[in-house]
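Worksheet: one structure, shown below.
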Amino acid sequence: MNIKELKIKGRKYKLPIFLPDATLGIVRSLDNRILEEIGTRGVVVNTYHLNDTPGTKILKQFSNSAKVFATENSGIKNFMNFDGLVVSDSGGWQVFSLIKRHGEGGEITDKGVKFNIGGEKNKQLGIFTPEDSIRIQFEIGADILICLDDFTGADDDEEKIKESVERTILWAKRTRVEFDKIIKEKKLTNETRPWLFAVIQGGWSKKWRKYCAKELLKIGFDGYGYGGYMVNERGELDEEMSKYIAELIPNEYPKFALGVGKPWDIARCYEFGWDIFDCVLPTRDGRHQRLYNFKGELFDKKNGEVKLDLKNPDNYEFLYISRGKFATDLNPIGLDCDCFTCQNYSRAYVHHLFKIKDMLAHRLAVIHNLRVYNRVVESLN
């Protein structure tokens, strides 16, 4: 069973929802007007990076500011002039990427993370703790905050999986304590506070996934996320594990499929019970000249019903717009797409923009890709 909506800080957000990557407070090349036009109702920002640039001192200046753009007193929302849902990633992926995956950049202990590389803010922090992460997220002003977790690597053995899970639970407990302390300090209520999500780790082990979920549920959070890798060695969604973890989370909680993913994987995970999705693919692929399309019309023009099985990857195609065959193609990127790009420009023109390396190429490609994702999500309910 899927939850139909979230109600956070007095605002309602319909589910399912796809959140594009806005690491530094921007979906690269897009302004908020066009995000709203193509149906983007929320974004994910990154705690680790925003703490470095522009820094929380600047973001806090936009909270309770006289120059308020958004409808509520939120630093990041006023800074971005964005009125949708904002989720702050904890920085757990950066810990994994910089330290575990590359074997350099710092060390991880139960106390926290020590980065040996990075910006001035990292040097000032010394040890980056779960408490630091949640305090920074409060200063950012997101709607949904996420506990710092210890990302389980795809190739981790039993001992490393156990260590990752135990540390994730330990950090979640400490985050919960710090979160409640800040709520009390700021005199926030259930209606005015942000929500707190915990992340279920455990790699490919059902045993450790179950244990992690059980212990996190004991602590108590507003929602739960699928942490770690969701794809197997072939780069395909592990459907069995995705479904298993969703079933570990009671249906009254929103379920966040972190890092998912390809459009057909979103449709599959929604069927398993996941409600919230985020991924860098549509924006990154757009900037790299890889454009998404449906094979055929998405909706029946007579009755408005969805015609395509959105869970089937065979109902999607990719246009590699830099290829020479598109230089004279007068068609829009998507033949039945309603996005700004497809309503105003041809494949030939977008091909030309990439060829001459004009920045408008990125903008038009990302607009189209995000609209494809949003159309998938809009079709699921």
Any hit, segment 311-321, residues being farther than 16 Å from L364 by Cβ, in contact with a helix residue (DSSP H, G or I) (Cβ under 7 Å, 6 or more places away or on another chain) and assigned to a helix (DSSP H, G or I): yes
Residue satisfying condition, being surrounded by fewer than 23 Cβ atoms within 10 Å (Cβ to Cβ) and touching a strand residue (DSSP E or B) at 6+ places or on another chain (Cβ under 7 Å), within set I127, I144: I127
Residue within segment 276-294 that is among the basic types (K, R), at pLDDT 95 or above and part of a loop (DSSP other than H, G, I, E, B) present: no
Given (1) at pLDDT 95 or above; (2) touching a Lys or Arg at 6+ places or on another chain (Cβ under 7 Å); (3) in a loop (DSSP other than H, G, I, E, B), index of the condition Y244 fails: (3)
Filter pass, Y226 being surrounded by 15 or more Cβ atoms within 10 Å (Cβ to Cβ), in the same structural domain as I108 (by TED's automatic domain parsing) and touching a Lys or Arg at 6+ places or on another chain (Cβ under 8 Å): yes
Flag for D21 being modelled with pLDDT of 85 or more, of a type in the set (D, E, K, R), buried (at least 21 other Cβ atoms within 10 Å of the Cβ) and within 30 Å of D156 (Cβ to Cβ): no
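The values are calculated or read from the model by the stated rules, or taken from the named source; none is laboratory data. From a predicted model like this one, the values you see are computed outputs, not experimental measurements. Ideal geometry is used to build each Cβ from the backbone, glycine not excepted, and the neighbour counts take in all protein chains shown.
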